[in-house]
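Report on the following structure.
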Amino acid sequence: MKFVKHTIATIALMCAGLAQAGSVVMPTGDLGELNRFPVQFGAYFNEDGFRPFAATYNFTLSVTSDVYGSASVLESLFGEVLVAPLLFGAAIDGIDLLALPSLTPATSLNFSLANLEAGEHTLTIAGLAQPGRAAFMGSVYAQAVTQVPEPAALALVLAGVAVVGGVRKRRAEEEATA
């Protein structure tokens, strides 16, 4: 019976996400390759008691990027009032993403991580499911980092241009006198 309730709740959560312009990826799901367009994720709980959770989502980056996201609890789903899970934190590859880690639970989280290397990564949303039906949804996206040359590298390039210019001028002068 619990399986049927979970399945129906998962389908309902996915339909709610579809209505908001996209599919919702459930825990242990693949968010795909992140880019500047947000991808939605979520989770549904139907608990008899308090239970800590760590919902994980896999994603990839094709280039070094800054990653931004948020998660918030759902207060209702298709008219049914839900119990809000308590959200404690967010992490990518085990790196805590909250600016000021706190033991105080929240109903929403905003997170970011700068200069995340290209490759495969895991986003984790941690919290505490309370007795009853509860759900949360969130979104995540990535913005490619533009590489800016270091001042020392720029100085080296300018010195190289000056040397090449000097050699060329010297050759021009030698050819003019010969």
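A few points about this structure:
- Considering the range 57-75, the residues that are surrounded by fewer than 15 Cβ atoms within 10 Å (Cβ to Cβ) and either touching a Pro at 6+ places or on another chain (Cβ under 7 Å) or not in a strand (DSSP E or B) (or both) include one that is modelled with the lowest pLDDT, namely Glu75.
- Between Leu113, Leu156, Leu97, the distinction of being in contact with an Asp or Glu (Cβ under 8 Å, 6 or more places away or on another chain) and either aliphatic (A, V, I, L, M) or farther than 20 Å from Gly49 by Cα (or both) belongs to Leu113 only.
- Just one of the numbered conditions (1) touching a residue at least 12 places away in the same chain (Cβ under 8 Å); (2) surrounded by fewer than 14 Cβ atoms within 10 Å (Cβ to Cβ); (3) not polar (S, T, N, Q) is not true of Glu175: (1).
- Test result for Phe41, at pLDDT 95 or above, part of a strand (DSSP E or B), assigned by TED's automatic domain parsing to the domain that holds Asn110 and closer than 20 Å to Ile95 by Cβ: yes
- Any hit, the range 149-159, residues being closer than 29 Å to Asn35 by Cβ and outside any helix (DSSP H, G or I): yes
- Number of the condition not met by Thr146 [criteria: (1) modelled with pLDDT of 90 or more; (2) more than 17 Å from the chain's Cα centre (by Cα)]: (1)
- In the range 1-38, residue surrounded by the fewest Cβ atoms within 10 Å (Cβ to Cβ) [restricted to those that are at pLDDT below 90 and of a type in the set (Val, Ile, Thr)]: Val4
- You will find that of Thr107, Thr28, Thr56, the residue that is β-branched (Val, Ile, Thr) and under 12 Å from the mean Cα position of the chain (by Cα) is Thr56 and no other.
The values are calculated or read from the model by the stated rules, or taken from the named source; none is laboratory data. Quick caveat, the model's predicted, so the values are computed rather than measured. Backbone-built Cβ (ideal geometry, glycine too); neighbour counts: all protein chains shown.
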